[in-house]
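Please read the structure below before turning to the comments.
The values are calculated or read from the model by the stated rules, or taken from the named source; none is laboratory data. As the structure is a computational prediction, the values presented were derived from the model and not from experiment. All Cβ positions, even for glycine, are placed from backbone atoms using ideal geometry, and neighbour counts span all protein chains on display. When the accessible area is computed, the model is the full protein with side chains, heavy atoms only, and any ligands, DNA or RNA have been set aside. Shrake-Rupley method; radii C 1.70, N 1.55, O 1.52, S 1.80 Å.
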Amino acid sequence: MIIFYRPGGIDSGDDTTPEQYDAGRLRASEIQIAERTADRAWAAIKYGVRDGDIGALRVVAWVLMKRTNPSLRFAEFDPFEGEVWARLDAKEVRGYAKEIVGRYGDNPDDLAEAMDELRDAAADREDAERAIADATAPKDQASAEQTPATELPEMSPASASE
């Protein structure tokens, strides 16, 4: 997940670029700080971020902001509704694109609608377009069958210990 923060909100109308924080790369100590501050388990916080829970978004954004502003206190970071939000990172987008094709691949209308929602949920629209193209590309069975598998040499117990 990528967490965005912009005073004034996502649709503030100003030209300021929102601050971005990669919520997928937290240290154990940062997770523990988030858990203590939010008084909930990390799994619940992660689901909250994904679901747009303002409490989860606030605590994770604050923990990430402390990397560059270590003296920032939780009470000092009190964003208005709409000033902090989350979007899917590239890895998450790829996973969802594959899942969507598996679920809606037989129904073009539902597939198109789900892919539009994925584009909107992605932090980077280009990542979404690449993931969708990869997930919907025809699978070429003939080339997969013609490519011989690489065989690994067998190892004897003696060679494994050398």
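Return the total of residues in the stretch 128-140 being surrounded by 20 or more Cβ atoms within 10 Å (Cβ to Cβ) and either on the phi > 0 side of the Ramachandran plot or of a type outside the set (Gly, Ala, Ser) (or both).
So the answer is 1.
Just to be sure before I move on: is VAL59 farther than 30 Å from THR136 by Cα, open to solvent by less than 60 Å² (accessible area, probe 1.4 Å) and either part of a helix (DSSP H, G or I) or not charged (D, E, K, R) (or both) in the structure I sent?
Against the criterion (farther than 30 Å from THR136 by Cα, open to solvent by less than 60 Å² (accessible area, probe 1.4 Å) and either part of a helix (DSSP H, G or I) or not charged (D, E, K, R) (or both)), VAL59 qualifies.
Which one of these does ILE45 not meet: (1) open to solvent by 20 Å² or more (accessible area, probe 1.4 Å); (2) modelled with pLDDT of 95 or more; (3) in a helix (DSSP H, G or I)?
(1)
ARG25 - would you say it is surrounded by fewer than 16 Cβ atoms within 10 Å (Cβ to Cβ), over 21 Å from LEU118 (Cβ atoms), at pLDDT below 95 and basic (Lys, Arg)?
The answer is yes for ARG25.
Would you point out which residue out of GLY52, GLY9, GLY13 is buried (at least 16 other Cβ atoms within 10 Å of the Cβ), on the phi > 0 side of the Ramachandran plot and modelled with pLDDT under 95?
Every option except GLY9 fails the conditions.
Return the residue satisfying two criteria in turn: it lies in the stretch 77-117 and is aliphatic (A, V, I, L, M) and within 16 Å of ALA23 (Cβ to Cβ), and of such residues it is surrounded by the fewest Cβ atoms within 10 Å (Cβ to Cβ).
Ranking the candidates gives ALA90 first.
Examine the stretch 21-40 for a residue that is touching a strand residue (DSSP E or B) at 6+ places or on another chain (Cβ under 9 Å), in contact (Cβ under 8 Å) with a residue 24 or more places away in the chain and not in a loop (DSSP other than H, G, I, E, B), and state whether such a residue exists.
yes
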